[in-house]
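Scroll down for the structure; my scribbles are underneath it.
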Amino acid sequence: MTTTSTVLIANALLADGDGVSDGPRDVLVADDRIAAIGEPGSLTAQAGTETSVTDAAGRVLLPGLVDAHSHAGGRVFDPDVQLALLRQGVTTVIAGQDGVGYAPGDGAYATEYFAAIDGANPAYAGGGIGALLAAYDDATPLNVAALVPAGTVRFEVMGRSTDAPSPADLAAMTALVADGLAAGAVGLSTGLDYVPGIFASTAELAALARPLAEAGGVFVSHMRGGYETGSAAGIAELAEISRVSGAPIHVSHFHAEPHLVLGLLDELEASGIDATFDAYPYARGCSLLAMPILPPAITVRPVDEALALLVDPGERARLLAEWFPSIVDYPSLGPDWPGMLTFGHIAAAEYGWAHGLTIAAASARAGRSPAEFALDVLVASRLEVNVVMAVRYRRTDDDLAQILSQPAATGGSDGIFVGRHPHPRARGSFPRYFAELVRRHGVLDLAGFAALVSTRAVDRFALGERGRVRVGEIADLVLADPGRVRDGATYDAPLGLGEGIDDVLVAGVRVLADGALTGKTPGRGIRRAVRTTSQTGAA
Ligand SMILES: [Zn+2]
């Protein structure tokens, strides 16, 4: 087979999860693979006349970064989102998170319920995980891997039922999970604070997880109970699911005080549970406004039915009197919830002025109580509203560094690209990992950083021959300037792009050059790879 050398990256320090080169190297890329690595100047003879040369000039060459918790599955066709991800060095995203995704089914359920998180997917109209993955091939600069979303599976089989599944329902749901894994999904996702996951019992989830152990997929979970002080109960449920099903587990956006996170990880390890997690490098969270502030009995309904209840005077009075007082008990919120929730996305144009304001500030401006104002905005937006959520418990950058330097951590932004005033994690997470963990706190060296943001997630989710700067690997490659890498997005100005990463290759093709998109679309839907013995799970 003849190969075409396409790119020579000269004078780069190589870093992956296995180590760092002892000096600069030249890396020759041919077709979609790394073809040769040698001392500076040694590969010139092998490079063809068509080869384009990039002088790394001392920059670090990393394997493409992996976002292990992404809500960009429908947005990777949008050049703004492509640029936001590639400027962080992200070349692969894992989508279908929190139990809700486009496939299986026609995508309508996710598009409606997660409108303010994932938005629509313009390339998918049905056909299952295989069709979803195929829709990414050569259609975007980014690679996309998919989880089978347990909530969507439940919806496909049981509709909006809040009951336990019958044996026949459970068999049909488990078959959908197995189908998705056979089509290349990398695991199963659950969102147990969202509907319909909130109605699923531990036994139901364990049954759905059974196909994972055999296929090599991971049970990925937004845990039940609001995290923070509720984390121990959430982890206990995941441990039980892992014990019964044999599936490895991955905790999504593990946010709680470090002593809780570290203690629970220790307990899992001591009881022999294979566990990893992701965590974004910010204290505040972001989600649907409806998730913490409306009862699941309302959000499980079709939007039109939910709205009819919210505008009914009797229902609304009951909500205000009986439901709202209880939301102070939600572990992520508390009595000051109106001051903690900042509008990130409001679909209703008449409330556009409230973007970036807390519910406390916006409701005061509107002359309404916080609860009534929140309901007004939800109704006008047909529930399509997301909020950035401040935390009740003190969490410093030191705390985050302690959590993210754990050997079971992977990078995951939980970035949401829907909204005018989004959480900065969508555009800032990966350069922020570098700035905080490598440069500021010094808890990770370059190899540790590469493990966190690439190698470990590639191995954990079986993303194929990626994640290392090694001959024969797929050439998803990122040049980073260690002195310049920084996040440009903040809570107040959340649209700023990352800096210090200007050149990115996906499958050997330049997708970002000098900080700008090239317009090339070599991305793939990543089908779960067969694990090899050299690929281990949790460290
Ligand atoms: Zn999420």
### Query
Once phi is turned into ³J(HN,Hα) by the Karplus curve 6.51 cos²θ - 1.76 cosθ + 1.60 with θ = phi - 60°, what whole-Hz value does each residue of segment 398-406 show in order, with x for glycine and proline?
5, 4, 4, 4, 5, 5, 6, 8, 5
### Summary
With +1 on the Cβ of every Lys and Arg and -1 on the Cβ of every Asp and Glu, the dipole magnitude of segment 287-389 about its Cα centre, in debye rounded to the nearest 20, is 160 debye
## Note on the structure
Over segment 287-389, the quotient of the Cα radius of gyration and 2.2 N^0.38 Å is 0.97
### Task
Along Cα→Cβ, 7 Å out, is where each label goes; now give me the distance between the ones at Asp397 and Arg318 in nm to one decimal.
4.9 nm
### Query
Once the dipole of segment 406-473 is set up with Lys and Arg at +1 and Asp and Glu at -1 on Cβ about the Cα centre, which of Ala457, Gly412, Gly428 lies farthest towards its positive end?
Gly428
### q = 0.22, 0.30 Å⁻¹: log10 I(q)/I(0) that the Debye formula gives for segment 1-60, counting C-alpha atoms only
-0.82, -1.28
### Query
What FRET efficiency, computed as 1/(1 + (r/R0)^6) with R0 = 25 Å and r the Cβ-Cβ distance, is obtained for Arg382 and Ala493, rounded to the nearest 0.05?
0.30
### Task
Within 10 Å, count the other beta carbons around each residue, average over each peptide in 325-336, 447-458, 152-163, 481-492, and list them highest first.
447-458, 152-163, 481-492, 325-336
#### Entry: At R0 = 22 Å, FRET efficiency that the Cβ-Cβ distance of Ser201 and Ile327 yields, to 0.05
0.40
### Task
Determine the calculated [θ] at 222 nm for the chain from helices alone, applying -39500 (n - 2.57) to every DSSP H run no shorter than 4 residues and normalising by the residue count; nearest 500 deg cm²/dmol.
-8000 deg cm²/dmol
#### Entry: Dipole axis of the chain (+1 Lys, Arg; -1 Asp, Glu on Cβ), positive-most option in Thr152, Ser21, Ile198
Ser21
### Message
Kirkwood Rh over alpha-carbon pairs of the chain, then Stokes-Einstein at 4 °C and 1.567 mPa s: what D in µm² s⁻¹, rounded to an integer?
### Response
55 µm²/s
### Query
Roughly speaking, what is the centre-to-centre gap between segment 347-415 and segment 64-128 when only Cα atoms are used, to the nearest Å?
20 Å
### Task
Please state the charge dipole magnitude for the chain, taken about the Cα centre, from unit charges on C-beta atoms (+1 on K and R, -1 on D and E), reported in debye and rounded to the nearest 20.
300 debye
### Query
Taking other Cβ within 10 Å of each residue's Cβ, how do Glu257, Glu50, Glu214 sort, fewest first?
Glu50, Glu214, Glu257
### Query
Which loop chymotrypsin sites (Phe, Trp or Tyr not before Pro) in segment 346-421, with loop taken from DSSP, have no more than 16 other Cβ atoms within 10 angstrom of their Cβ?
Tyr393
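Only the coordinates and a few stated rules stand behind these numbers; no lab work does. The model shown is predicted, which means the values in this text are computed figures rather than measured ones. Virtual Cβ from ideal backbone geometry, glycine too; neighbours counted across all protein chains shown.
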